[in-house]
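To start, the structure under review is shown below, and the notes come after it.
The values are calculated or read from the model by the stated rules, or taken from the named source; none is laboratory data. Remember, it's a predicted structure, so these values are computed and weren't measured experimentally. Note that we place each Cβ from the backbone using ideal geometry, even for glycine, and neighbour counts take in every protein chain shown. Ligands, DNA and RNA are stripped out before the accessible areas are found, and what is left, the full protein with its side chains, is counted by its heavy atoms. Shrake-Rupley method; radii C 1.70, N 1.55, O 1.52, S 1.80 Å.
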Amino acid sequence: MEALVALARNRVFTVLCGCMLLSSSAAAQEAVDVATGERLAELLRSARSVLSNYQSLINDPAVGDKHLDGERFTAEAIALYAKRTGHPLMSDGLAERDRKLLQAQVEAMREVVDEEQNDINRPGIGFKGFVPAVFARLMNEKFAAKVGNEALVRVTAPEVLVRNRKSLPDDWETRVINEIFSTPQKQKGEAHTEVTKVNGRPAFRMLLPEYYTESCLSCHGSPKGEIDVTGYPKEGGKAGDLGGAISIVLFK
Ligand code: HEC
């Protein structure tokens, strides 16, 4: 009897230890995934900022050739990423997966800017409609075409705000936006992460909230319903409101 109890205790002990080991390696893997997700989100943001800073050049009807090709654009996005994070994009010790995914993002943004050259350089035309959100969507689509088996990056938004149907949130994104980002316990700006399934495959998911700033409101602000320069009705947003979210999937 005593031996049996000891055996049982031993079993419980083994199982407990096993679980603890498993959970600590899961936590370590999660930390790695969070770091990868943050890198992908930051490179997307940096690229979007570069495009945003060039809006007045791109929309200048008096200038033909803007000398803003994919090569110059990617160099500036990579430099901005390094400035914002304090690390070069391809730092030593970066894991193989991160290198591959970041490189795919760089190629994606280069291709998008190169493919837009005719529009960017068209003389006599003011507003071109090549706004950061359009650029980001095209870049993310190219990224998916290259490495979509391993990772996905999208920009989505609360369903009521979505302009382009391609950016509609899926069920998981909708739940996180409605049930987690809106709770007072969730700190503003804090990302939500979860290990779950995407298209039937186990995946790490990360949703990073984005808020309107004053610069967004010429299109997404008031009066609600008024048509903005891009032809969409304004959403009536205010600075500080949740305007969207960067959504990252890393397949296991
Ligand atoms: C010049 C007008 C303009 C400005 C300024 C602007 N946006 Fe947008 N935004 C758009 C357009 C147009 C789309 C649809 C893009 C597409 O076709 O994918 C869009 C789409 C989005 C989306 C993707 C979801 C959707 O609705 O399709 C988010 C998120 C977003 N904008 C947030 C912002 C934020 C945050 C800012 C400020 C940092 C901002 N926008 C500034 C015009 C603008």
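Annotation note: of Arg45, Arg39, the sole residue that is more than 18 Å from Val131 (Cα to Cα) and part of a helix (DSSP H, G or I) is Arg39. A residue that is near the ligand (Cβ under 10 Å from one of its atoms), over 16 Å from Pro209 (Cα atoms) and of a type outside the set (Val, Ile, Thr) occurs nowhere in the stretch 167-184. Hey, could you check the stretch 127-156 for residues that are more than 29 Å from Asn178 (Cα to Cα) and within 12 Å of the ligand (Cβ to nearest atom) and say which is most open to solvent (accessible area, probe 1.4 Å)? Per the criteria, the residue is Phe127. With the requirement that a residue be assigned to a strand (DSSP E or B), open to solvent by 20 Å² or more (accessible area, probe 1.4 Å) and more than 10 Å from the ligand (Cβ to nearest atom), what does the stretch 233-252 give you? The answer is Pro233, Phe251. Would you check if Gly129 is in contact with a Pro (Cβ under 6 Å, 6 or more places away or on another chain) and either among the charged types (D, E, K, R) or at positive phi (or both)? So Gly129 fails the test. For the condition more than 22 Å from the chain's Cα centre (by Cα), farther than 25 Å from Pro209 by Cα and open to solvent by less than 40 Å² (accessible area, probe 1.4 Å), Leu57 does not qualify.
Might you check whether a residue that is more than 9 Å from the ligand (Cβ to nearest atom) and more than 26 Å from Glu30 (Cβ to Cβ) occurs anywhere in the stretch 185-194? No, the stretch 185-194 has no match at all.
Take the conditions within 16 Å of the ligand (Cβ to nearest atom) and modelled with pLDDT of 95 or more and apply them to Glu159. Does it pass? Break it down stepwise before answering.
Details: within 16 Å of the ligand (Cβ to nearest atom): yes; modelled with pLDDT of 95 or more: yes.
Against the criterion (within 16 Å of the ligand (Cβ to nearest atom) and modelled with pLDDT of 95 or more), Glu159 qualifies.
Do we find that Gly93 is assigned to a loop (DSSP other than H, G, I, E, B), at pLDDT 95 or above and not hydroxyl-bearing (Ser, Thr, Tyr) in this structure? The answer is no for Gly93.
Restricted to the stretch 199-232, and to residues there that are more than 11 Å from the ligand (Cβ to nearest atom) and assigned to a loop (DSSP other than H, G, I, E, B), the residue that is farthest from Arg163 (Cα to Cα) is Gly200.
None of Leu94, Leu89 is open to solvent by less than 30 Å² (accessible area, probe 1.4 Å) and in contact (Cβ under 8 Å) with a residue 40 or more places away in the chain except Leu89. Regarding the stretch 106-120, can at least one residue be identified that is of a type outside the set (A, V, I, L, M, F, W, C), assigned by TED's automatic domain parsing to the domain that holds Phe143 and open to solvent by less than 30 Å² (accessible area, probe 1.4 Å)? So far as the stretch 106-120 goes, no, none of its residues is of a type outside the set (A, V, I, L, M, F, W, C), assigned by TED's automatic domain parsing to the domain that holds Phe143 and open to solvent by less than 30 Å² (accessible area, probe 1.4 Å).
To keep it simple, each residue is scored yes or no on (1) surrounded by 14 or more Cβ atoms within 10 Å (Cβ to Cβ); (2) assigned by TED's automatic domain parsing to the domain that holds Leu44; (3) at pLDDT 95 or above.
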site: Thr183; (1), (2), (3): no, no, no
site: Ala203; (1), (2), (3): yes, no, yes
site: Ile227; (1), (2), (3): no, no, yes
site: Gly231; (1), (2), (3): no, no, yes
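Just one of the listed residues (Arg122, Arg110, Arg163, Arg137) is assigned to a helix (DSSP H, G or I), basic (Lys, Arg) and out of contact with any helix residue (DSSP H, G or I) (no Cβ under 6 Å at 6 or more places or on another chain), namely Arg137.
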